[in-house]
Structure formats: structure tokens, C-alpha cells
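Have a look at the structure below before the remarks.
Throughout, read-outs are computed from the coordinates displayed, never taken from laboratory work. Just so it is clear, the model here is predicted, and its values are computed rather than measured. Here Cβ is always computed from backbone atoms with ideal geometry, including for glycine, and neighbour counts include all displayed protein chains.
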Amino acid sequence: MAQNKVIAGEYQGKNMMLGRNEVLLYTSFTKSFPLNKSTIESYELITEEHRKSAVSGVTRGLVGGALLGPVGLLAGLSAKNKGTHVIAIEFTNGKKSLIEINEKLYKTLIQTMF
């Protein structure tokens with residue numbers, strides 16, 4: 001089961017929830033901001049292929065490693081459940097996070113990015 005939270009980088013430990021047709025990242029109990037084209041500069045899904053490369057040590061320049069260092073790389077290897085997605089995000093403010101979300105939040109996020 002996906003944590004629906006930031007697992008590494010900026011905003012680590014912060015939760016995400018489905019809002020009105022958007023994914024919201026809660027920075028405090030009452031404050032949140034939407035994850036969309038105006039707040040996200042770029043994102044990349046960390047796939048099983050990324051994980052296998054990282055584990056074998058063939059490539060150290062993966063998104064998790066490049067964006068978030070060794071901690072991000074290891075966190076990117078953790079989600080292996082079906083319906084769980086790990087995504088590396090670079091925000092428009094320059095901050096970087098690794099998030100783990102479920103299928104519903106993932107589909108909503110992808111739709112809002114187009």
C-alpha cells in the first residue's frame with residue numbers, strides 16, 4: 001500500500017491527498033499546495049528498470065541519486081507493491097522531492113501535468 005507522502009528530499013514526511021481533481025501536498029496541518037504545471041518543473045517515474053540498475057550498481061546517475069543523493073536513491077528502491085508509484089519531482093522553486101503515491105493519486109497527477 002502506497003504511503004501517499006514525500007519519502008525523501010524537501011518536504012520529507014509530508015502527506016499528499018486527493019483534492020478537487022488535483023493532488024495536494026500538505027506542508028502543515030492546514031496548509032497545502034497543488035502539484036501541477038505551475039508548481040512542478042519536471043518529474044520522472046522511478047521504474048523497476050531504474051531500481052534494477054541502481055541495485056546492480058551499473059548506474060549511479062539515476063533520478064533518485066541525482067536529485068536526492070544516496071538517501072533518495074535508496075528510498076526510490078523501497079516501493080515494490082503493485083499500484084504504488086515512486087516519482088522524483090523538481091519543483092519550480094528549485095526544491096526536489098521523492099514521493100510515493102497510490103494509483104489514484106498517480107493518475108490524477110499525470111492528468112494535471114498535461
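Counting only the backbone N, which residues of segment 88-110 are under 14 Å from the spot 7 Å out from the Cα of Met1 toward its beta-carbon?
Those under the cut-off are 102-103.
Starting from the Cα-Cα distance between Asn15 and Thr30, subtract it from 0.36 nm times their residue separation and give me the gain in nm to one decimal.
Taking 0.36 nm per residue and subtracting the Cα distance, the gain is 4.2 nm.
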